[in-house]
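Step one of this worksheet: look at the structure below.
The values are calculated or read from the model by the stated rules, or taken from the named source; none is laboratory data. Predicted model only: the values in this text are computed from it and were never measured. Backbone-built Cβ (ideal geometry, glycine too); neighbour counts: all protein chains shown.
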Amino acid sequence: MATIYQNPTLNTPAASPQGAGYTTYQEPDTRIPPKAAPVIRKISVNGVSIPEADVLAEAQNHPAENPGGALRAAAEALVIRELLWQEAKRLDVDASSARDQAGRVETERDAAIRLLVDREVQAPLATEEECRRYYDRHPEKFRTEPLFEARHILVAAPESDREARATARERATDLCNVLRQRSARFSELAREYSACSSREQGGNLGQLTKGSTVEEFEQALANMREGEISSVPVESRFGFHVIALDRRIEGRQLPFEMVAERIAAWLEASAWSKAVSQYISVLAGRADIEGISLNGADGPLVQ
């Protein structure tokens, strides 16, 4: 029987060149790894590119909730720095003395930016009237913190150990019950049962201010009267506390004269920050910035 036609590709598929036959598909050449896609888009200021590597390195200085936020903040900071550097060069700012006020050596760029901002940004000084107005509007900012003289017995137990926590709670409750009847035994019981080093002083913690102890302890103190011993244990991540409040010294309002200089410094620092933000906004408005838009006064200032 005669063969009329035979497709050569049916018998020798391995020898067929790529692209032959009924398809143009070609296997990718895996010998050459694909080029990684850029993490961020191209960014430039008046034609000067800001390398992606610089943004990635700068991101380490901008903690954020997610990597995208850190990269955004880093890119803004570098754009602002480039804006200021270009303006310093345009105005021929002399940065030959590259040392800051503390005598530390600066780079030419950092020195030029610092001198530019010092020269071009002017912020008003705070008047006494403005300071007094701020003082009157925010009296809570100018009160001393209350002081507490307290003792405690800590029955320690790790949060991860439910059985140990239950046992510690029970022991601390027993101590509260004993002290309710015989409060004079507090120092004795602290030396015997407390897991805190203060047990050597009968549980005495000295004078406590806000931030001296954990939040649960502070809240308990705030709700206690002088001479009172906690009727139930106070739980914290360390375990259970039996607390004795020996003395409370209420905070007092500081006179204006005592805080006037501090208020002036705050107001002038705030005014200076706003002035710098406005100056940067003006520079950004005149510049050709690609790849990112600045947030104006909400963005980072001089880094």
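For segment 142-200, which positions are hydroxyl-bearing (Ser, Thr, Tyr) and within 30 Å of GLU261 (Cα to Cα)?
Listed by number, the list holds a single entry, THR144.
Name the residues in segment 128-152 that are hydroxyl-bearing (Ser, Thr, Tyr) and modelled with pLDDT under 95, would you?
If the condition is that a residue be hydroxyl-bearing (Ser, Thr, Tyr) and modelled with pLDDT under 95, then THR144 is the only one that fits.
For segment 238-245, check the following and say yes or no: at least one residue is surrounded by fewer than 16 Cβ atoms within 10 Å (Cβ to Cβ) and either more than 21 Å from GLY202 (Cα to Cα) or modelled with pLDDT of 95 or more (or both).
There is no residue in segment 238-245 that is surrounded by fewer than 16 Cβ atoms within 10 Å (Cβ to Cβ) and either more than 21 Å from GLY202 (Cα to Cα) or modelled with pLDDT of 95 or more (or both).
Testing GLU149 on (1) among the charged types (D, E, K, R); (2) within 17 Å of THR213 (Cα to Cα); (3) not assigned by TED's automatic domain parsing to the domain that holds SER231, one condition comes back false. Which one is that?
Here GLU149 meets the rest and fails (3).
Which residues, taken from segment 215-237, are hydrophobic (A, V, I, L, M, F, W, C), surrounded by 14 or more Cβ atoms within 10 Å (Cβ to Cβ) and not in a helix (DSSP H, G or I)?
MET224, ILE229, VAL234
Would you check which residues across segment 91-123 are out of contact with any strand residue (DSSP E or B) (no Cβ under 7 Å at 6 or more places or on another chain), within 15 Å of ARG81 (Cβ to Cβ) and at pLDDT below 85 and list them?
Matches in segment 91-123: ALA95 only.
Please verify whether segment 246-257 includes one or more residues that are closer than 26 Å to GLU188 by Cβ and out of contact with any Lys or Arg (no Cβ under 7 Å at 6 or more places or on another chain).
Within segment 246-257, one or more residues are closer than 26 Å to GLU188 by Cβ and out of contact with any Lys or Arg (no Cβ under 7 Å at 6 or more places or on another chain).
Can you name the number of the only condition in (1) loosely packed, with under 14 Cβ neighbours inside 10 Å; (2) free of Cβ contacts under 8 Å to residues at least 12 places away in the same chain; (3) touching a helix residue (DSSP H, G or I) at 6+ places or on another chain (Cβ under 9 Å) that GLY285 fails?
GLY285 satisfies all of (1) loosely packed, with under 14 Cβ neighbours inside 10 Å; (2) free of Cβ contacts under 8 Å to residues at least 12 places away in the same chain; (3) touching a helix residue (DSSP H, G or I) at 6+ places or on another chain (Cβ under 9 Å) except (3).
If we scan segment 202-214, do we find a residue that is touching a residue at least 60 places away in the same chain (Cβ under 8 Å) and hydroxyl-bearing (Ser, Thr, Tyr)?
Within segment 202-214 (the criterion being touching a residue at least 60 places away in the same chain (Cβ under 8 Å) and hydroxyl-bearing (Ser, Thr, Tyr)), the answer is yes, since at least one residue qualifies.
Of all residues in segment 168-210 being under 40 Å from the mean Cα position of the chain (by Cα) and part of a loop (DSSP other than H, G, I, E, B), which is nearest to LEU147 (Cα to Cα)?
THR209
For residues that are basic (Lys, Arg) and exposed (fewer than 12 other Cβ atoms within 10 Å of the Cβ), tally how many sit in segment 160-169.
1
Within the set of pairs 6+ apart or on separate chains, which have a first residue in segment 249-266 that is closer than 10 Å to LYS141 by Cβ, a second that is outside any loop (DSSP other than H, G, I, E, B), and C-beta atoms under 8 Å apart?
Correct list of pairs: LEU254/PHE142; LEU254/ARG143; VAL259/TYR135; VAL259/PHE142; ILE263/CYS131; ILE263/TYR134; ILE263/TYR135; TRP266/TYR134.
Out of segment 172-188, which residues are in contact (Cβ under 8 Å) with a residue 40 or more places away in the chain and surrounded by 12 or more Cβ atoms within 10 Å (Cβ to Cβ)?
ALA172, THR173, LEU175, CYS176, LEU179, SER183, PHE186
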